[in-house]
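Trainee: Supplied in structure tokens, the structure appears directly below.
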Amino acid sequence: PKERLDTLYSDAMRGLAEAYPEDLEAQTFYALSLLGLSQGDRNVPTYMRSGAIALDAFEKNPGHPGAAHYVIHSFDDPTHAPLALKAAWAYGPIAPDAGHAQHMTTHIFLALGMWDDVVEANIRADAVTDRNLAARGLPQTDCGHYNQWLMYGYQQQGRYEDAEALLMGCYAQAHDERLPQGMRQGAAFSYALQRAVHLADTRDGDGAPAHSTLEFPEGAIVPRMLQAWGDGVAAVHRGDMETAHASLAYLNEHEETVPADWVSPYAPVWRGTLEAYARMHMGDGEGALAAAHAAAEYEASLPVDFGPPIAAKPARELEGEILLELGRAEEAMTAFSLALGRTPNRIHAMVGYGMAAHQAGHADVAMEVHEKLGDLLKNADPGFTAMGGGTH
């Protein structure tokens with residue numbers, strides 16, 4: 001079994017590293033093997049062991065691509081990301097023709113809410129991918145991992161128009177007959193995930209993304225759930241509660257049977273946040289708060305995301321928004337503060353925190369948030385608004 005093979009491999013790399021303590025290749029391969037023990041999950045103690053080894057190698061040779069790469073992987077969460085910032089600045093120039101190297105730096109930039117750097121680095125990463133596709137006679141891509149992070153970066157800059165253009169380009173790619181079937185299928189899943197994240201932030205129930213859906217096979221439960229969540233949230237925002245309730249019913253029906261993969265643990269959060277949206281729209285504030293709080297408590301038990309929120313709408317942030325609407329500003333400040341601990345500098349959480357501080361009478365905090373938002377949103381679309389009610 002893979003888990004056993006990974007353990008045996010890491011044991012072998014440990015022996016190699018111990019036998020050759022000055023050999024940076026032996027050290028970095030051992031660091032990488034430790035990362036592999038978590039089977040794609042974030043096991044913090046193991047990640048810290050790996051990071052310490054990789055960081056020591058990076059300090060000895062700041063031009064070592066493996067050392068920089070594994071430092072970033074080990075510390076790409078909001079708590080530990082400062083430890084990898086030097087490696088993040090170094091890794092892009094070390095490997096300028098590697099798309100993954102350009103993108104990988106943004107694991108640290110996103111964890112720290114450095115949106116300009118997230119955007120610039122993923123533009124470089126996508127450019128490498130597009131060059132490689134062109135060399136194979138294929139069109140450029142607006143889907144996939146790099147573009148998901150790029151779209152999210154655009155959103156956090158308040159550049160919803162650029163984000164939507166990228167998203168709808170991905171939608172077109174899912175139908176592009178010039179692409180191999182496998183690439184179209186990958187594009188379809190990418191679109192479902194990107195669309196959910198986009199609709200969570202824009203709250204646009206009537207735009208092109210809200211009404212642009214894809215056909216997925218019956219067995220493709222996860223992309224169907226993501227699409228249902230997006231359908232439901234968009235429907236709530238335009239007042240179409242029949243569609244919203246149908247989407248919520250689909251999530252309820254499949255929550256317990258969703259096949260295991262890297263996004264499936266978030267099924268209860270999708271269901272809980274959509275229920276909270278629906279209840280709030282129907283005037284059931286306390287029911288909405290209970291649903292959002294339960295989803296937030298569950299989400300807090302999961303490891304921090306490696307990138308844009310898999311939940312699409314972070315549940316603690318939604319809890320803060322509901323508390324704010326219910327006039328409970330001090331409690332809303334606490335919820336938004338917790339949300340920002342998991343997703344630093346996320347624009348909706350920042351705006352919510354500032355509004356809550358203002359309503360609670362903390363003028364100094366509100367002004368501090370206002371000034372920070374001015375810097376984060378310096379490239380925002382003209383007329384950009386965040387939160388409900390047109391808050392600029």
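Trainee: Picking from A311, A356, which residue would you name as being outside any helix (DSSP H, G or I), of a type in the set (A, V, I, L, M) and in contact (Cβ under 8 Å) with a residue 12 or more places away in the chain?
Mentor: Result: A311 is the single residue among A311, A356 that is outside any helix (DSSP H, G or I), of a type in the set (A, V, I, L, M) and in contact (Cβ under 8 Å) with a residue 12 or more places away in the chain.
Trainee: Please go through region 291-308 and give me each residue that is part of a loop (DSSP other than H, G, I, E, B) and either open to solvent by less than 10 Å² (accessible area, probe 1.4 Å) or free of Cβ contacts under 8 Å to residues at least 40 places away in the same chain (or both), ordered by number.
Mentor: Scanning region 291-308 gives S301, L302, D305, P308.
Trainee: Could you pull out every one of the helices (runs of 4 or more DSSP H) wholly within region 80-162 that has 1 or more residues that are open to solvent by less than 30 Å² (accessible area, probe 1.4 Å) and of a type in the set (V, I, T)?
Mentor: The helices (runs of 4 or more DSSP H) meeting that bar are 106-111, 115-135.
Trainee: Just the residues that are in a helix (DSSP H, G or I) and open to solvent by 10 Å² or more (accessible area, probe 1.4 Å), please, taken from region 177-192.
Mentor: We begin by selecting, within region 177-192, every residue in a helix (DSSP H, G or I); these are 181-192.
If the condition is that a residue be in a helix (DSSP H, G or I) and open to solvent by 10 Å² or more (accessible area, probe 1.4 Å), then Q181, G182, M183, R184, Q185, G186, A188, F189, S190 are the ones that fit.
Conditions tested, residue by residue: (1) touching a strand residue (DSSP E or B) at 6+ places or on another chain (Cβ under 7 Å); (2) open to solvent by 60 Å² or more (accessible area, probe 1.4 Å); (3) in a helix (DSSP H, G or I); (4) in contact (Cβ under 8 Å) with a residue 12 or more places away in the chain.
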| position | (1), (2), (3), (4) |
| --- | --- |
| E218 | no, yes, no, no |
| V222 | no, no, yes, yes |
| G230 | no, no, yes, yes |
| V233 | no, no, yes, yes |
| H245 | no, yes, yes, yes |
| L248 | no, no, yes, yes |
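Trainee: Let me ask something else. Taking the stated definitions as given, is P21 over 15 Å from I108 (Cβ atoms), of a type outside the set (S, T, Y) and either open to solvent by less than 30 Å² (accessible area, probe 1.4 Å) or modelled with pLDDT under 95 (or both)? So that I can check it myself, show each step before the final result.
Mentor: Details: over 15 Å from I108 (Cβ atoms): yes; of a type outside the set (S, T, Y): yes; either open to solvent by less than 30 Å² (accessible area, probe 1.4 Å) or modelled with pLDDT under 95 (or both): no.
No, not satisfied.
Trainee: What residue, among those in region 91-124 that are more than 17 Å from the chain's Cα centre (by Cα) and of a type in the set (A, V, I, L, M), is nearest to T343 (Cα to Cα)?
Mentor: A101
Trainee: Taking the conditions exactly as written (over 22 Å from D381 (Cα atoms) and open to solvent by 40 Å² or more (accessible area, probe 1.4 Å)), does A172 satisfy them or not?
Mentor: yes
The values are calculated or read from the model by the stated rules, or taken from the named source; none is laboratory data. Nothing here was measured: the structure is a model prediction, and the numbers come from that model. All Cβ positions, glycine included, derive from the backbone under ideal geometry; neighbour counts span all protein chains shown. Side chains are part of the model used for accessible areas, which takes the heavy atoms of the whole protein and leaves out ligands, DNA and RNA. Shrake-Rupley method; radii C 1.70, N 1.55, O 1.52, S 1.80 Å.
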